[in-house]
1. Express in nm, to one decimal, how much length is gained between GLN102 and LEU151 on full extension, taking 0.36 nm for each residue of separation and deducting their alpha carbon distance.
2. Please compute the modelled spin-label separation between LEU26 and ASP224, points set 7 Å along Cα→Cβ, answer in nm with one decimal.
3. Search the structure for amide H atoms under 5 Å from the amide H of PHE4, placed 1.01 Å from N in the peptide plane, and list their residues when 5 or more places away or on another chain.
4. Where does each of ARG25, ARG54 land when they are ordered by accessible area, with a 1.4 Å probe and the largest first?
5. ASP42: accessible area at probe 1.4 Å, nearest 10 Å²?
6. Can you work out the FRET efficiency for the pair ILE185 and VAL47, with r the C-beta to C-beta distance and R0 = 41 Å, to the nearest 0.05?
7. Keeping all protein chains in place and using 1.4 angstrom, which order do PHE146, PHE127 fall into by accessible surface area, from largest down?
8. Kindly report, to the nearest 10 Å², the accessible surface of LYS56 as traced by a 1.4 Å probe over protein heavy atoms only.
Amino acid sequence: MKTFHSDISGKEFPVAERITGNSIRLSLMNLIQMDHPEFTPDKSLSVSELNTYREKYISEYLVKQVGELTELEKTVMTSLTDRTTLSDKIDDDEEQVYTFGQRIADKVATFGGSWTFIITFGVILFFWILLNVYWLGNKGFDPYPFILLNLILSCLAALQAPVIMMSQNRQEEKDRDRARKDYMINLKSELEIRTLHEKMDHLMIHQQQELLEIQKVQIEMMNDIMERIDKNRSNR
């Protein structure tokens, strides 16, 4: 297998991975020359080395756009570098262990905001009033105006309100987590699209250079043919 030596690292790579400097975009070329000033368009490097500078270019682009990279941007960049998906990290985050109070708050809020709670509570109130007014002749354990019932309802409302607020805070935390995950996925998609454009531009430049080389060869062949024709005519 034919190999070549990279003009950047001096390492040996297969010829199939060879990239010449004149097929690299100017922005990447400037970035490479910042680390290796001796690298000129007539020199070459490997695809893996070019991908390293592509990732570095994207990282610097992020720093220019958003300033100092946060943990979210660093996670996205790590995912791009390692060629991994963000869904694995998101699934790991969803396995968060909640406290007993958080689980109770979620269940109470879920049940308290359902038709099951409304219907059940309405039935209990109806039988409470029916029992004291009609069956016990308004002389039972809670006669009209149902002072005990009012006390129970007041205590229930006093306890239910902070529990619902706790659940709302938990829901806001979940919404923030979803927004953070959506941001990470959207950011990675944007960066991957930029990388894809970079690779497409590189491929187009490379193909154009190959077409130019083919045209040069064809022109040389045509010139040779014309010269032979002229020689044959002159010999006759």
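The values are calculated or read from the model by the stated rules, or taken from the named source; none is laboratory data. From a predicted model like this one, the values you see are computed outputs, not experimental measurements. Heads up, the Cβs are rebuilt from the backbone with ideal geometry, glycines too, and the neighbour counts pull from every protein chain shown. Heavy atoms of the whole protein, side chains included, go into the accessibility calculation; ligands, DNA and RNA do not. Shrake-Rupley method; radii C 1.70, N 1.55, O 1.52, S 1.80 Å.
1. Numbers: separation 49, 0.36 × 49 = 17.64 nm, distance 2.70 nm.
Length difference between fully extended and current span is 14.9 nm.
2. Placing both labels 7 Å beyond Cα along the Cβ direction yields 3.7 nm.
3. Correct list: PHE13, VAL15.
4. Working: ARG25 85, ARG54 20 Å².
Highest to lowest solvent-accessible surface, that is ARG25, ARG54.
5. 120 Å²
6. 0.95
7. Details: PHE146 25, PHE127 105 Å².
From most exposed to least exposed: PHE127, PHE146.
8. Here the residue's solvent-accessible area equals roughly 80 Å².
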